[in-house]
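Input: a single structure, listed below in C-alpha cells.
The values are calculated or read from the model by the stated rules, or taken from the named source; none is laboratory data. This structure is a prediction, so every number in the text was calculated from the model and none was measured. Here Cβ is always computed from backbone atoms with ideal geometry, including for glycine, and neighbour counts include all displayed protein chains.
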Amino acid sequence: MIKQKTQGIYFAPSVMLIDIFKAKQQLEFLNEHSDFFHIDIKDGNYVKSFGTTPMFIEQIRSITTVPIDAHLMVTNPWEHLEEIARSGADYITFHSDTVAKEAFRTINKIKSLGCKVGVAINPSASLNEIRHYLHLIDKVTVMTVDPGYAGQPFIMHMIDKVKELVKIRKESGLDFLIEADGSIDERVYKHLYEAGTDIIVLGGPALFDKDTSINEAWNIMKNHFEVSINSIH
C-alpha cells in the first residue's frame, strides 16, 4: 500500500545500493521511512552494466511492506515479466523503446500478472512514444540521465518533460504517477518539486553516499530536501 506523501513527494531509494554487510538493518530502516523500493534489473545488454535480479526482490519481499518497483533496464522485458511478478514486485516498469512493437501486449501481460504498469522514457525520447497508451499506465519514469551509467550530470531539460506530463495528465483526466530517476540530489529537489514530480528515486548522490549510517544518510537527505522546498515559499 502506498503511504501518504511526505511533504508532497514520495521517496524511492534504489535499494540495490544498500551495504550488503548491513542489509537487514538498512532494509528494515528504509521500509519504515520510504514510500517505494526502486530496484534496477539490468541485463548487461540494454545498458552496459548489471543491476540485481528477481531473486533479490523475492528475498527482501518478506521483510518489506512498501511497494516494490522493478525497473527493467533490459532489451527484452517480455522474457522476464512472469518471473518478476512471481518474485513479488508490485510495479513492473519497462523502457518505452524496448516495447515499441508490442507495447499494448506488454501492458496487458503485466496487468494480467497482477502488477501495476510503469514506463520509463529516456532523455532523448519524445513523450509521443507513450502518448497512445498513457491511459493504461500507472507510473511514468522520466530518466534524468542516460540509463545505466553512474556519475552523469542531471539533465535539467527533463524538468520540462515532467511539466509536460503534468499538463497531459490534467488535461486528459488521468492519474498516473510521475517519477524522476537519475543523478538526483539537493541541487534539483526544488526544480523537481515545483515541476510536479510525484516520486524521486534516491541513489548514491541523494542518499547512499551521504553517510555510512543509513539513519544519518536519511536525515541528511531529508534536511536537504526540506531546506530546498522551504526556499520556494
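If you check Met1 against the conditions, is it among the hydrophobic types (A, V, I, L, M, F, W, C), modelled with pLDDT under 95 and within 14 Å of the chain's Cα centre (by Cα)?
The answer is no for Met1.
Suppose we keep only residues that are in a helix (DSSP H, G or I) and of a type in the set (Lys, Arg) within region 183-233. Which one would you say is farthest from Val66 (Cα to Cα)?
So the residue we want is Lys190.
Which count do you get for residues in region 146-189 that are within 13 Å of the chain's Cα centre (by Cα) and either over 26 Å from Lys111 (Cα atoms) or of a type in the set (S, T, N, Q) (or both)?
Of the residues in that region, 3 qualify.
Filter region 38-64 down to residues that are more than 15 Å from Tyr91 (Cβ to Cβ) and in a loop (DSSP other than H, G, I, E, B), then give me how many there are.
The total comes to 12.
Residue check: is Ala180 at pLDDT 95 or above, assigned to a helix (DSSP H, G or I) and closer than 24 Å to Asn122 by Cβ?
So Ala180 does not fit the description; no.
Step by step: first the residues of region 100-115, then only those that are assigned to a helix (DSSP H, G or I) and more than 18 Å from the chain's Cα centre (by Cα), then the one that is farthest from Pro147 (Cα to Cα). Which residue is that?
Ser112
Between residues in region 213-228 that are more than 14 Å from Leu202 (Cα to Cα) and residues that are at pLDDT 95 or above and outside any helix (DSSP H, G or I), which pairs lie under 8 Å by C-beta distance while being six or more apart or on different chains?
So the pair list comes out as Glu216/Lys210; Val227/Glu186; Ser228/Glu186.
Among the residues of region 71-86, how many are under 18 Å from the mean Cα position of the chain (by Cα) and more than 27 Å from Asp146 (Cβ to Cβ)?
The qualifying residues number 1.
Residues being on the phi < 0 side of the Ramachandran plot and without any contact (Cβ under 8 Å) to a residue 40 or more places away in the chain: count how many of those fall in region 159-187.
Qualifying residue count, region 159-187: 17.
Where the second residue is surrounded by fewer than 20 Cβ atoms within 10 Å (Cβ to Cβ) and of a type in the set (Phe, Trp, Tyr) and the first is free of Cβ contacts under 8 Å to residues at least 40 places away in the same chain and farther than 17 Å from His33 by Cα and lies in region 193-210, which pairs have Cβ atoms under 9 Å and are six or more apart or on separate chains?
These pairs meet every condition: Pro205/Phe154.
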